[in-house]
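A.B. asks: Here it is: the structure, laid out below.
Taken together, the values in this text are just the output of simple stated rules run on the coordinates, not laboratory data. All values reported here derive from a predicted model rather than from experimental measurement. Don't worry about glycine lacking a Cβ; one is built from the backbone with ideal geometry, like all the others, and counts go over all protein chains shown.
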Amino acid sequence: MKKASEIGHTVKAFDEDLGGLRALICEMGGMTEIALTSTLEALIHSNKELAAKIVENDKEIDALEMEAERVAMRIISLRAPLADDLRDVIAAMKISGILERMADYAKNIAKRVPILQNMVSIHPVPVLPVMGEMVSEMVRNVLDAYAARDPKKAFHVAEYDMEVDGLYNNLFRILLTYMMEDSGRISTCIHLMFIAKNLERIGDHATNIAEMVYFAATGKQMPERTRGKDLLASEDN
Amino acid sequence: MARKDCVIKSVPVYLSGLSLLALFIIAVSHVSVGWPILSVLMLIIVWGWWFKNISEATAPFSDTNNGSGFSDQPYPYFPATAADVIMAMDEPVLLVNDGQVEVANRAAENLLGMHIEGGDVRMAIRHPAAIRLLTEPLDNMSPVLLAGLGGLNRRWELYAYALNEEQRLILLRDQSTAHLTEQVRIDFVANTSHELRTPLATLSGFIETLEDDDVIKDRDTRHHFLGIMAREAKRMQNLVDDLMSLSRIEAGKFSLPNEIVVLSPLVAEIVSNIQASGQAKPSQITLKNQLSSDNIQGDRTEVTQLLYNIIGNALKYGRKDGQIMVNLENTDDHRIKLSIKDEGDGIPFHHIPRLTERFYRVDNSRSRALGGTGLGLAIVKQIVEHHRGELVIDSIAGKGTTVTVFLPTTDFFPD
Ligand SMILES: Nc1ncnc2c1ncn2[C@@H]1O[C@H](COP(=O)(O)OP(=O)(O)OP(=O)(O)O)[C@@H](O)[C@H]1O
Ligand SMILES: [Mg+2]
């Protein structure tokens, strides 16, 4: 990553900044991860207090995003990084934006927990927790891949996306039949559908991050994936 | 594994020995701090004393021992052996210096990734509470529970110790087994209550409706409702029966059943019962008996239950009117191989290991519609284990499923 033309001291200072930025992204990722897993727990156990805490904590994630952006801008303006390093900084900035949105989706789910509490149990819909587990695993793995700059792991995350989409469609079908059977369940099911949609979006975003990690590590676009290409293309300019 | 030249630096040995001793005492008085911490502390204390002796003995050389930039320090140093101690630990251990991972042992690298050494500690562990333990002042020693490190159902406790101003020792303790046991228990209670509540809700709903005089007058509606109520009551009955047999088998699983059961006539009897009851078409089940040695040491009721459950599944989840093959043969190692093969949709690969869990169903709504409790295969597994046998489930999606049970014959057990 170091340019031969740069002098020892500068390179060191620069690496520390970049390392700090990457660590900041990981920290933010950790908070997003917790937001997601706690949301799922709050949802499954109808835990209103936990849900409220998640909504509250979202502010911290927003603050970290601004911090990441600030550090990134500072690196760009002070160090004028080139090629690989520049790509790293920009990727970090984009990833922090995506993480912030993922946390927002988690917050949206958490907001529905108190509403769902007075409704019919979601126990009959075991697909939802399974989907939640799968999405959490995607998020965890993509953050691991980012920390380790591991393109193989990133690629596997993207593969999960299809399964999550499959589960989403499956859930959609199940919820439709529930609604047809009993119109009293319609509003519960609509809420559940939104939750599933939010989870599916989180999965999509994890895939987007995976594509960036892959690109940053290999310099190549992730094979056989059309979605997210535009993101990477804009990164090239 | 690239091990750095690492030193735990600039701690006067006396001080570190004393503070560690203090830590040790605090640790002992805190029940929540488990033995791994104690063992690490002990190791370090022992090693600290040992080194103190060594360094006193070799005092004139101690400065030249490590040629690093610490020679202006007035104290003797811990040389690279600090890393050796950490490396020798089986549990994941990290030495963190000013927020950077200075040493990670093999277990830590396996768990957290090969990239962690030399990097910011947040790249290794990103749980917010853990980050606090790693970077902020440690006012208490309560560990942080980390979920999902190294696998979905893994749980770790993270302990942090300040060795001096900059350096912290991080220890991860595997709590997965305890977590799993607890999870199984919680799930079991939750599932059982849920399974009982659903038919109960239906029942009380219909009872309320039947209290309405208009409904009582309408004979057809009343019959219809009573039919549903009978079905729900039956479902509850099944569930309670299944739970009872599960716990009965579980309670008796330590002693081998002591009856002699002749297997092939029993299988034949059950197959013809099922066919006579109309659950299967007349020639839907084919029984092929190739047994020469036929006696097992078993429990007749349990074996009957096992057969009803497996053949019942083959009928429920098999293709409509598809053939079911029941095969009996001897193996070379004095066991009977009983296999039941259907031509259904099969079971997706990743579900197979979980099928014998209580209440686990591949398609919840389908199993429920077919009147299943989700306990069938859990019971089968218990029965097989009681008989010191073995259960194998093979399935090809779209083709069908084969459930095979190996049961030891009487020859298998020396008397
Ligand atoms: N032969 C089979 N083909 C396809 N799926 C099967 C087969 N046997 C079992 N399964 C799947 O395994 C699940 C668990 O089976 P199990 O016998 O434990 O419960 P169940 O049949 O749902 O209820 P119960 O047997 O208690 O009435 C079933 O719900 C079904 O999805
Ligand atoms: Mg069954």
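A.B. asks: Using 0.36 nm times the number of residues separating B:Glu269 and B:Thr221, minus their current alpha carbon distance, what extension gain do you get?
C.D. replies: Extra length available between B:Glu269 and B:Thr221 comes to 13.3 nm.
A.B. asks: Would you mind ranking B:Lys253, A:Lys107, B:Lys288 by Cβ crowding within 10 Å, fewest neighbours first?
C.D. replies: B:Lys288, B:Lys253, A:Lys107
A.B. asks: How far, in nm, would the chain grow between B:Glu165 and B:Arg106 when pulled straight, counting 0.36 nm per residue and subtracting the alpha carbon separation?
C.D. replies: 18.7 nm
A.B. asks: Given R₀ = 51 Å, FRET efficiency for B:Ala88-B:Arg354 by Cβ-Cβ distance, to 0.05?
C.D. replies: Calculated value: 0.85.
A.B. asks: Using the Cα centre as the reference, give the magnitude of the dipole from point charges on the C-beta atoms of the stretch B:163-287 (Lys, Arg: +1; Asp, Glu: -1; all else neutral), rounded to the nearest 20 debye.
C.D. replies: 460 debye
A.B. asks: Moving to a separate point now. In nm, to one decimal, how far is the modelled label at B:Ala178 from the one at B:Ala369, with both set 7 Å along Cα→Cβ?
C.D. replies: Once both label points are built, they end up 4.5 nm from each other.
A.B. asks: Given the stretch A:137-202, report the % of alpha carbon pairs whose separation exceeds 18 Å.
C.D. replies: More than 18 Å apart: 49 percent of the Cα pairs in the stretch A:137-202.
A.B. asks: Output wanted: per-residue J couplings in Hz (rounded whole) for the stretch B:402-414, from phi through Karplus 6.51 cos²θ - 1.76 cosθ + 1.60, θ = phi - 60°, x for Gly and Pro.
C.D. replies: My calculation for the stretch B:402-414 gives 10, 9, 10, 10, 9, 10, x, 7, 4, 5, 5, 9, x Hz in order.
A.B. asks: May I ask you to evaluate 6.51 cos²θ - 1.76 cosθ + 1.60, the Karplus curve with θ = phi - 60°, for each residue of the stretch B:308-314 and list the ³J(HN,Hα) values in order in whole Hz, giving x for glycine and proline?
C.D. replies: Computed from phi, the couplings for the stretch B:308-314 are 4, 5, 6, 5, x, 4, 4 Hz.
A.B. asks: Going by how many other Cβ atoms sit within 10 Å of their own, how do A:Val55, A:Val142, A:Val157 line up, fewest first?
C.D. replies: Ascending Cβ contact count within 10 Å gives the list A:Val55, A:Val157, A:Val142.
A.B. asks: For B:Leu375, what residues show an amide H to amide H distance below 5 Å, using hydrogens built from the backbone and excluding near sequence neighbours?
C.D. replies: Counting only residues 5 or more places away or on other chains, the set is B:Phe359.
A.B. asks: To continue, here is another question. Using alpha carbons only, how many angstrom separate the centre of the stretch A:72-107 from the centre of the stretch B:96-162?
C.D. replies: If you average the Cα positions of each part, the centres end up 24 Å apart.
A.B. asks: Below 8 Å between Cα atoms, with a sequence gap of 6+, how large is the relative contact order for the stretch B:134-285 in percent?
C.D. replies: Relative contact order comes out at 11 percent.
A.B. asks: Let me ask another. Going by how many other beta carbons lie within 10 Å of each one, how would you line up A:Asp144, B:Asp214, B:Asp241, fewest first?
C.D. replies: B:Asp214, B:Asp241, A:Asp144
A.B. asks: How high is the relative contact order of the stretch B:179-252, given as a whole-number percent (alpha carbon pairs under 8 Å, six or more residues apart)?
C.D. replies: Reported relative contact order: 34 percent.
A.B. asks: Say each of B:Asp98 and A:Glu181 gets a label point 7 Å from the Cα, pointing the same way as Cα to Cβ; how far apart are those two points in nm?
C.D. replies: 6.3 nm
A.B. asks: What FRET efficiency comes out for B:Glu385 versus A:Arg74 if R0 is 41 angstrom and r is the Cβ-Cβ distance? Round to the nearest 0.05.
C.D. replies: The value I calculate is 0.05.
A.B. asks: Quote the relative contact order of the stretch B:259-408 in percent (integer), defining contacts as alpha-carbon pairs under 8 Å separated by 6+ residues.
C.D. replies: Result for the stretch B:259-408 is 24 percent.
A.B. asks: Let me ask something else. Provide the per-residue ³J(HN,Hα) series for the stretch B:340-357, in order, calculated from phi with Karplus coefficients 6.51, -1.76, 1.60 and θ = phi - 60°, each as a whole number of Hz, with x at glycine and proline positions.
C.D. replies: Running phi through 6.51 cos²θ - 1.76 cosθ + 1.60 with θ = phi - 60° gives 10, 10, 10, 10, x, 6, x, 10, x, 2, 6, 7, 3, x, 9, 4, 8, 6 Hz.
A.B. asks: Related question: Would you mind computing the Rg to Rh ratio of the stretch B:179-252 from its alpha-carbon coordinates, Kirkwood style for Rh?
C.D. replies: In the stretch B:179-252, Rg relative to Rh is 1.19.
A.B. asks: Based on the Cβ-Cβ distance from B:Asp332 to A:Ile44, what FRET efficiency comes out when R0 is 56 Å, to the nearest 0.05?
C.D. replies: Efficiency for this residue pair is about 0.70.
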